[in-house]
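Throughout, read-outs are computed from the coordinates displayed, never taken from laboratory work. Quantities reported herein were computed from a predicted structural model and do not represent experimental measurements. Every residue, glycine among them, receives a Cβ derived from its backbone with ideal geometry; neighbour counts consider all protein chains shown.
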Amino acid sequence: MTQLFTVHPQNPQPRLLKQACQLIDQGGLVAIPTDSSYAVVAHLDDKAAADSLRRIRGLDARHHLTVLCRDLAEIGHFARVDNRQYRFLKMATPGPWTFILEATREVPRRVSHPSRKTIGIRIPNNQVALDLLETMGSPLISTTLIPEGEEHPLNDADEIAQRYGHQLAAVIDGGACPFEPTTVIDLTGSEPEIVRRGQGDLAALGLD
């Protein structure tokens, strides 16, 4: 059964985050709060966990999974970033944005797009998510928790635990999240391209 870890949204208890990280290390999927709805995360190097992430959402291999990073330096380890892209990322992060970038060889092939060799990258502006990443000491792969066949993400920890009791190792309850997924921006072209509109003020990035 899914474990429910109730944490303080601004000062999450390290003991509970360590327990969640142990479950992730063992191949488990964990639902976490972010600045744009709840997401499901897994270990970056775990093939079975990546397959489970896609299965829980009903996604095929062409759908980008997202690498959650702690900072810009970590992004540079997993994505090729030129000076123009770096300036844009520095302005926009952390925040409710997912950026499509060219993946480096550090990204497992099963995580990147099979034909484009691109990857989704984001730095969430949520203390629980950031502290979990810090406790892990490495990035996590993730996907927004939108139930298969539905349009809207989930943002209630108890409902998530009830609906996915046999698919998730744990849910970290950090309170309700915004009821909207990230805005996805493709940075691989000559100009930023909005792939999906969601959470966040595009005007603040000069895109609206």
* To do: Just tell me which lysines come within less than 26 Å, Cα to Cα, of LYS90; anything on the same chain fewer than 8 places away is out.
  => LYS117
* Structure fact -> Candidate cut points under trypsin sites (Lys or Arg not before Pro) in segment 1-101, DSSP loop plus at most 10 other Cβ atoms within 10 Å of their own Cβ, are ARG62
* Binned at 5 Å from 0, what are the whole-percent values of the Cα-Cα distance distribution for segment 1-55, short to long? -> 4, 18, 27, 26, 16, 7, 1
* Kirkwood hydrodynamic radius over Cα pairs of segment 3-205, then Stokes diffusion coefficient at 37 °C and 0.692 mPa s, in µm²/s -> 197 µm²/s
